[in-house]
Structures are given as structure tokens and as C-alpha cells.
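The values are calculated or read from the model by the stated rules, or taken from the named source; none is laboratory data. Just so it is clear, the model here is predicted, and its values are computed rather than measured. Please note: Cβ atoms are built from the backbone with ideal geometry, for glycine as well, and neighbour counts cover all protein chains shown. In case anyone asks, the SASA skips ligands and DNA or RNA and just uses the protein heavy atoms, side chains included. Shrake-Rupley method; radii C 1.70, N 1.55, O 1.52, S 1.80 Å.
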Amino acid sequence: MATTPTDPAPGGPPPRELNDLAALKVLAHPRRGRIMRHLAAHGPATSAGLARALALNTGATSYHLRELARHGFVEEIDSPHGRERWWQAVRQDLRFPPRAAQSPEIRAAVDEMTRQAFAADLADFVRHQDATGADDPWADTPHSRGTIHVTTEELREFFEEFIALVKRYKRPDGAAARDVRTVQTRFLAFPSPDPEAPETSESPESSELPESPELPLSPESPASPEEA
């Protein structure tokens, strides 16, 4: 039960269940995840523009864009500036198979992708707080930590209602007013830990996020020179 930041606008295509290991490994690759997040947050870009924004070289971003396009995650669009190649994230509602139905390999890819995504979200949230002055109208962005009491079926219904609410506030390309900004919304739900279970030795405040190891690429996706 999961979705990506590239949900379609209302009336868009139905959810796409992603159960292909090769495609999941493409998304779980750290650099490709960064590319996807950048395109979702900032809109279309060229490989050169992505390279500058993400401190990569253009050969690497071009390679990663082709791999993402091969699995239907990004697409090339008409260039607004001559012969440059522009890319955008495909708007779609990506879902993962239920955890009980995931193979160990798929579960590892999904878990790594989720860990990377939430670590990046937290870093972006802290960056926003540090860079935004108190008088900025966007300084008071809402955030909430709540508790609900539900069955597993009710939690699935809650999730679908959340996704429907997010879709209500999506705007067609080019329809944004001047004061509209792209705002990241995230959903995370998990049962409270067993009160009898021991806590981890380190609290989240004192532990540092480890660097994300790169998952092995699928056999048909050889490493680029920069990755070797």
C-alpha cells in the first residue's frame, strides 16, 4: 500500500501496480530517485540542467533518464528551446504489491526506495525550515502527527481517501496562479510498537542517517562508467 509523488490528476489513468523487479531496481537506485524527486518538484528539465542541480555529469543523467524512460517513469517532451532534449516525470499513481505478496528481492528494493525517499523528505523539510524567515507566508506550513484506531481494511480506506484528497488539489500543467507553489505531501502509517518490545539503543535524534547503498542493477542495465 504505497504511492509515489507522481499521482495523476483527477480522471487520469488507473493505479499502476509495480511488481517488476527490474523496474523497482531502477527506482531504488539513489541517483534515479533524486532525478525523479527533482522532476516531480520542479517540472521538466534537460539532462544538463539535472546535472547542474544534482552535482552529476551530463553523461550520468542522460543514462539514468534513458533507464527511467525505458520503464515508463519519465518521458521526453517537445523542446521549448531548439534541439535540447527535455524530460518530465510521467504522472501516474504507482502502487506496490502487498508486502505479503512481495518476493524477498522485491521487498528489498521497495524498502530501500522507501528509506531513501523519506530520508530525502526529512532533509528537505529541515532545509526549508532553516532557509525560511519567520515573516515568509510559507513559514507556517502545517504538519501533524496523529493517532487513529482502525482495522487493516479501514486503514486501506483511509489511505485511498488521502490519495483522493491529494488529487483534488492537483492543477493541470500551466494552470498554476502566481502565488502557487509545489508543496510536498507525504503519508506514513504504521501500528504502534508492542509495549513489551525493547526499544532500539539509539534514538532517532542521536542517530545519523547512513549513506544509501546502491542496489545491484538488473542484468540488462549495465553500470555506466561513472557508477563502475
(request) Please find the FRET efficiency linking ALA131 to ALA189, where r is the Cβ-Cβ separation and R0 is fixed at 30 Å, and quote it to the nearest 0.05. (result) 0.55
(request) Express the carbon and sulfur contribution to the solvent-accessible surface of segment 15-146 as a percent, rounded to the nearest whole number, probe 1.4 angstrom. (result) 52 percent
(message) I need the calculated FRET efficiency for the pair ARG115 and ALA48, taking r as the beta carbon distance and R₀ as 30 Å, to the nearest 0.05.
(response) 0.55
(request) Give me the accessible area per residue for segment 1-155, probe 1.4 Å, as a whole number in Å². (result) 57 Å²
(message) Tell me which of ALA101, HIS128, LEU56 sits at the most positive position along the dipole axis of segment 36-161, charges placed on C-beta atoms (Lys, Arg +1; Asp, Glu -1).
(response) LEU56
(request) Calculate one ³J(HN,Hα) per residue across segment 50-55 by plugging θ = phi - 60° into the Karplus curve 6.51 cos²θ - 1.76 cosθ + 1.60, and present them in order as whole Hz with x for glycine and proline. (result) 5, 4, 5, 5, 10, 6
(request) Answer rounded, prolate or oblate for segment 1-158, using the Cα gyration tensor with square roots of eigenvalues a ≥ b ≥ c: rounded when a/c is under 1.5, else prolate when a/b is larger than b/c, else oblate. (result) oblate
(message) Please list 3J(HN,Hα) in residue order for segment 155-160, calculated via the Karplus relation 6.51 cos²θ - 1.76 cosθ + 1.60 where θ = phi - 60°; whole Hz, with x for glycine and proline.
(response) 5, 4, 5, 4, 4, 5
(request) Please work out how much length the chain gains when fully extended from HIS149 to LEU165, using 0.36 nm per residue of separation minus the C-alpha to C-alpha distance, in nm with one decimal. (result) 3.7 nm
(message) From the protein chains alone at 1.4 Å, what is the descending order of accessible area for VAL126, VAL74, VAL166, largest first?
(response) VAL126, VAL166, VAL74
(message) To the nearest 20 Debye, how big is the dipole of segment 9-114 about its Cα centre, given +1 on the beta carbon of each Lys and Arg and -1 on that of each Asp and Glu?
(response) 220 debye
(message) Just to verify a number: what accessible area does SER79 come out at with the full protein assembly present, 1.4 Å probe, Å² rounded to tens?
(response) 40 Å²
(request) Evaluate the relative contact order of segment 9-108 (contact order divided by residue number), counting alpha-carbon pairs under 8 angstrom at least 6 apart; express in whole percent. (result) 38 percent
